[in-house]
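Contents: one structure, followed by commentary.
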Amino acid sequence: MNLRNRIEQQVFRLNGLSLNEFDISQPPGDPGLFGPDHVIWQVHGDFPSMLCGGISALMLQMLHPAALAGVWDHSNFRQDMMGRLRRTSQFIAVTTFGNTVDANILIERVKRIHLRVTGIDNAGQPYAASDPHLLTWVHVAETSRFLAAHLRYKNPQLSLAEQDRYYDEAALIAEALGAEKVPKTVQAVEDYLQAMRPELICDERTLEVMQLLINAPAPSWQAKPAMRVMLKAGMGLLPDWAQQQIQQPISPLAQWCVDKEIAVIAGLLRWSIQRGAYARAMTRMGRAAHYR
């Protein structure tokens, strides 16, 4: 096996394609929930920036005590962080790039799981994963970090109109899961994040999960240095106020170093990944993958 294939296999151990549950390349011509001309295909189609953004999203999401409690009480993430990463990756890949039937199957599955996730958070407040308010928080924390990563590490020239389109498109999935009042423009997302700040806390649970993330196992010893850099990139993609809240502020010099390292890692990954979700979906649509 050559170097390119070896790296691609390492990547597939990280993402949801390794679960081999859904065939993104079939059936021919089915655009799924979106299609190749949607901005969400551009943003979600770049694995390196999506991985950095996904790490950042987890860090931001866990500042909400109800979101953290749902994972803390109902997930085996402490024993199987890679498994959780793969399942999350699968959901994003299939709802973005999969055919219409598979995307809706996965949305309905997650909705059923959410109905079982209830309890009392660390602040003594009841929570439910199916709560529209909480679903909106999880969605905005995720999509805002995906877009931040895309702008920093893939396409800084993505126009404001295209960024607005991304949020508008991604809201379709959030609303299908039950989210309400989902912000759908760059300005609305920024306003929403500011409005949510009084609900966000960083307590001993938050810091424990941060340490678990920082020490998360890599798929192999060769991938460990790259994972360490991507974790730093994830921290650097957080809003300044969130970096301060989780006690992980990134200095301008440290950020410059991380960005240089990510440029090298991302270039290697993009060269290696030939059969990712975006490429498979483009094959289904009878089109050549076009990486902008």
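Brief remarks on what is shown
- Surface per residue (accessible, 1.4 Å probe) for the chain, Å²: 47 Å²
- Accessible area per residue (1.4 Å probe, heavy atoms of protein chains only) ranks Asp37, Asp131 as Asp37, Asp131, with the largest value leading.
- For the Cα trace of the stretch 63-216, dividing Rg by the Kirkwood Rh returns an Rg/Rh value of 0.95.
- In the context of the full protein assembly, Glu190 retains an accessible surface of approximately 90 Å², using a probe radius of 1.4 Å and ignoring ligands and nucleic acids.
- Two tests apply to each whole DSSP H helix in the chain, Cα reach of 27 Å or more along its axis and mean Kyte-Doolittle hydropathy of at least 0.0, and the ones passing both are 132-153, 252-272.
- Rg ratio (alpha-carbon, reference 2.2 N^0.38 Å) - the stretch 187-292: 1.37
- Given +1 at the Cβ of Lys and Arg, -1 at the Cβ of Asp and Glu and no other charges, the dipole of the chain around its Cα centre is 1080 debye to the nearest 20.
- Gain upon complete extension [Glu199, Lys224; 0.36 nm per residue less C-alpha separation]: 5.6 nm
- In the stretch 226-292, the chymotrypsin sites (Phe, Trp or Tyr not before Pro) that fall in loop regions by DSSP, at most 13 other Cβ within 10 Å: Tyr291
- Carbon and sulfur %, accessible surface of the stretch 211-292 computed with the full protein complex present, 1.4 Å: 61 percent
- For the stretch 154-239, alpha-carbon Rg relative to the globular expectation (2.2 N^0.38 Å, N residues): 1.41
- Rg to Rh, two decimals, where the stretch 38-153 supplies the alpha carbon set and Rh follows Kirkwood: 0.96
- Candidate residues His133, His38: accessible-area rank, largest first, probe 1.4 Å: His133, His38
- Solvent-accessible surface (1.4 angstrom probe) belonging to Arg84, in square angstrom, nearest 10: 80 Å²
- Rg and Dmax, both from the Cα atoms of the chain and both in Å, are 18.1, 54.
- Each residue, Asn5 and Arg87, gets one label point 7 Å from its Cα in the Cβ direction; the gap between the two is 3.2 nm.
- In the chain, helices alone account for a calculated mean residue ellipticity at 222 nm of -20500 deg cm²/dmol, with every DSSP H run of four or more residues adding -39,500 (n - 2.57).
The values are calculated or read from the model by the stated rules, or taken from the named source; none is laboratory data. In this text the structure is predicted, and so the values were computed from the model without any measurement. Positions of Cβ are generated from backbone atoms using ideal geometry, with glycine treated the same way; all protein chains shown enter the neighbour counts. Ligands, DNA and RNA are excluded from the accessible area calculation, which covers all protein heavy atoms including side chains. Shrake-Rupley method; radii C 1.70, N 1.55, O 1.52, S 1.80 Å.
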